[in-house]
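The values are calculated or read from the model by the stated rules, or taken from the named source; none is laboratory data. Because the structure is predicted, anything quoted here is derived from the model rather than measured. A quick note on method: Cβ atoms are made from the backbone with ideal geometry, for glycine too, and the neighbour counts reach across all protein chains shown.
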Amino acid sequence: MEKSAPLPYTDTKPVGAADFYFAINATFRFIQEKFGEEGLRRYWTELGQNYYAPVSKSWKDGGLEAVDKYWKAFFAAEPGADVEFSTTHELLSLNVKSCPAIKHLRAHQREIVPSFCQHCYFVSEAMAAPAGLTVRIEGGNGTCRQTFQKCKADLPAQDFSKIKEAR
């Protein structure tokens, strides 16, 4: 990944194709049916650790400023995303007012994998950990708040009851 490019891929389109959400939902369902919920969580974690390794490195090098830059570029390329950002020297909060994936899947009457919103935690946590960061998520099912911050010993683990099932 180039130092100036916040995303680990390049694309000539200013905004991605929303039909990709069909593919990831179907992939999640297949993995869950074949390997169970733990297998799906492993898949998400390995995706964050491996595919997103260049992003993790940029976050390690650039801290929360690099995290902010990445997510702004990411959501700018997501069709229909509505996200507000709040940054301090200690944390970055993403207030996802309209999740483009959930919105698109609903608009096309797709059955959404109930644990779909947990992928944001597992992928992001795997990306953040090598940078000494962590993420906590509240909400889901179309709207959520994701908070990135430095790992601290007194920070409670992610409470999965705070991540709503997708419907």
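Which one is nearest to the chain's Cα centre (by Cα) among residues in the range 62-73 that are small (Gly, Ala, Ser) and closer than 16 Å to VAL135 by Cα? Quick ask: steps written out before the conclusion?
Going residue by residue through the range 62-73, those that are small (Gly, Ala, Ser) are 62-63, 66, 73.
So of that shortlist, the ones also closer than 16 Å to VAL135 by Cα come out as 63, 66.
Values: GLY63: 17, ALA66: 15 Å.
Looking at residues that are small (Gly, Ala, Ser) and closer than 16 Å to VAL135 by Cα, I get ALA66.
Results for (1) modelled with pLDDT under 95; (2) touching a Ser or Thr at 6+ places or on another chain (Cβ under 9 Å), shown as yes or no for each residue.
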residue: PRO6; (1), (2): yes, yes
residue: ASP11; (1), (2): yes, no
residue: GLY16; (1), (2): yes, no
residue: ARG29; (1), (2): no, no
residue: GLU33; (1), (2): no, no
residue: GLY36; (1), (2): no, no
residue: ARG41; (1), (2): no, yes
residue: GLN49; (1), (2): no, yes
residue: PHE75; (1), (2): yes, no
Could you check the range 125-167 and list, in sequence order, the residues that are part of a loop (DSSP other than H, G, I, E, B), under 20 Å from GLY62 (Cα atoms) and either within 14 Å of the chain's Cα centre (by Cα) or at pLDDT 95 or above (or both)? GLY132
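Limited to the range 94-145, what total is found for residues that are among the β-branched types (Val, Ile, Thr) and on the phi > 0 side of the Ramachandran plot? First the steps, then the outcome.
Narrowing the range 94-145 to residues among the β-branched types (Val, Ile, Thr): 96, 102, 112-113, 123, 134-135, 137, 143.
This time we only want the ones that are on the phi > 0 side of the Ramachandran plot, so: none.
Count: 0.
From the list LEU92, LEU47, LEU64, LEU40, exactly one residue is among the aliphatic types (A, V, I, L, M), in a helix (DSSP H, G or I) and within 17 Å of ARG136 (Cα to Cα). Which is it?
On the way: LEU92 fails: in a helix (DSSP H, G or I); LEU47 fails: within 17 Å of ARG136 (Cα to Cα); LEU40 fails: within 17 Å of ARG136 (Cα to Cα).
Result: LEU64 is the single residue among LEU92, LEU47, LEU64, LEU40 that is among the aliphatic types (A, V, I, L, M), in a helix (DSSP H, G or I) and within 17 Å of ARG136 (Cα to Cα).
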Spot the failing condition for ALA153; the list is (1) of a type in the set (Gly, Ala, Ser); (2) touching a residue at least 12 places away in the same chain (Cβ under 8 Å); (3) more than 26 Å from GLN32 (Cβ to Cβ), and only one is missed. (2)
What are the residue pairs meeting all of these: first residue in the range 36-61, first residue under 15 Å from THR134 (Cβ atoms) and of a type in the set (S, T, N, Q), second residue modelled with pLDDT of 95 or more and surrounded by 15 or more Cβ atoms within 10 Å (Cβ to Cβ), Cβ atoms under 7 Å, and 6 or more apart or on different chains? THR45/PHE122; THR45/ALA126; GLN49/ALA126; SER56/MET127; SER56/PRO130; SER56/ALA131
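Let's see how each residue does on (1) surrounded by 21 or more Cβ atoms within 10 Å (Cβ to Cβ); (2) out of contact with any Leu (no Cβ under 8 Å at 6 or more places or on another chain):
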| residue | (1), (2) |
| --- | --- |
| THR87 | no, no |
| HIS104 | no, yes |
| ALA107 | no, yes |
| CYS117 | yes, yes |
| GLU138 | no, yes |
Test THR134 against the stated conditions and say whether it is buried (at least 17 other Cβ atoms within 10 Å of the Cβ) and closer than 25 Å to GLU65 by Cβ. yes
